[in-house]
Amino acid sequence: MWAEVFVTAFTLQLLALPGEKGQLVIAGLATTYNPYLVVAGASTAFGVWTIIEILLGNALKDALPEVYLDGITASLFFIFGAWLLYTTTDSVDTPEVAPEGSRLAALQA
């Protein structure tokens with residue numbers, strides 16, 4: 001039973017995150033250093049990070065009522081969504097124009 005869950009999770013993770021930055025860093029380091037040590041180090045770092053996330057999550061869950069955590073989570077979701085939308089539309093809709101009389105303006109002409 002657990003083997004099926006492990007294989008399914010492993011396969012779906014590989015399909016969902018092809019070329020994720022962590023994978024690219026590991027692949028790059030493995031070309032220079034011993035690949036077994038690189039993968040072991042990355043796995044250890046991932047495990048430690050996961051433990052920290054679990055401990056912090058449990059501490060927050062115990063420290064704050066659930067309704068506050070839901071409110072904070074929803075607020076952060078909308079704030080980051082609006083921020084992403086704002087920065088994306090701003091950079092697409094506003095072309096960079098050099099001030100008149102500058103060297104860059106002469107190059108753009």
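Observations
- Of all residues in segment 49-59, those satisfying the criterion of being open to solvent by 80 Å² or more (accessible area, probe 1.4 Å) and of a type outside the set (Asp, Glu) are TRP49, ILE51, ILE52, ILE54, LEU55, LEU56.
- Residues within segment 67-90 that are at pLDDT below 60 and under 21 Å from the mean Cα position of the chain (by Cα), tallied: 0
- Qualifying residue in segment 12-26 (condition: in contact with a helix residue (DSSP H, G or I) (Cβ under 6 Å, 6 or more places away or on another chain), open to solvent by less than 80 Å² (accessible area, probe 1.4 Å) and not basic (Lys, Arg)): yes
- Residues that are farther than 19 Å from LEU14 by Cβ and open to solvent by 90 Å² or more (accessible area, probe 1.4 Å) within segment 27-48 comprise THR31, THR32, TYR33, TYR36, LEU37, listed in sequence order.
- The requirement of being open to solvent by less than 80 Å² (accessible area, probe 1.4 Å), under 21 Å from the mean Cα position of the chain (by Cα) and modelled with pLDDT of 90 or more is not satisfied by LEU64.
The values are calculated or read from the model by the stated rules, or taken from the named source; none is laboratory data. Just so it is clear, the model here is predicted, and its values are computed rather than measured. In this analysis, Cβ positions are derived from the backbone assuming ideal geometry, glycine residues included, and neighbour counts consider all displayed protein chains. Side chains included, ligands, DNA and RNA excluded: accessible areas come from the protein's heavy atoms. Shrake-Rupley method; radii C 1.70, N 1.55, O 1.52, S 1.80 Å.
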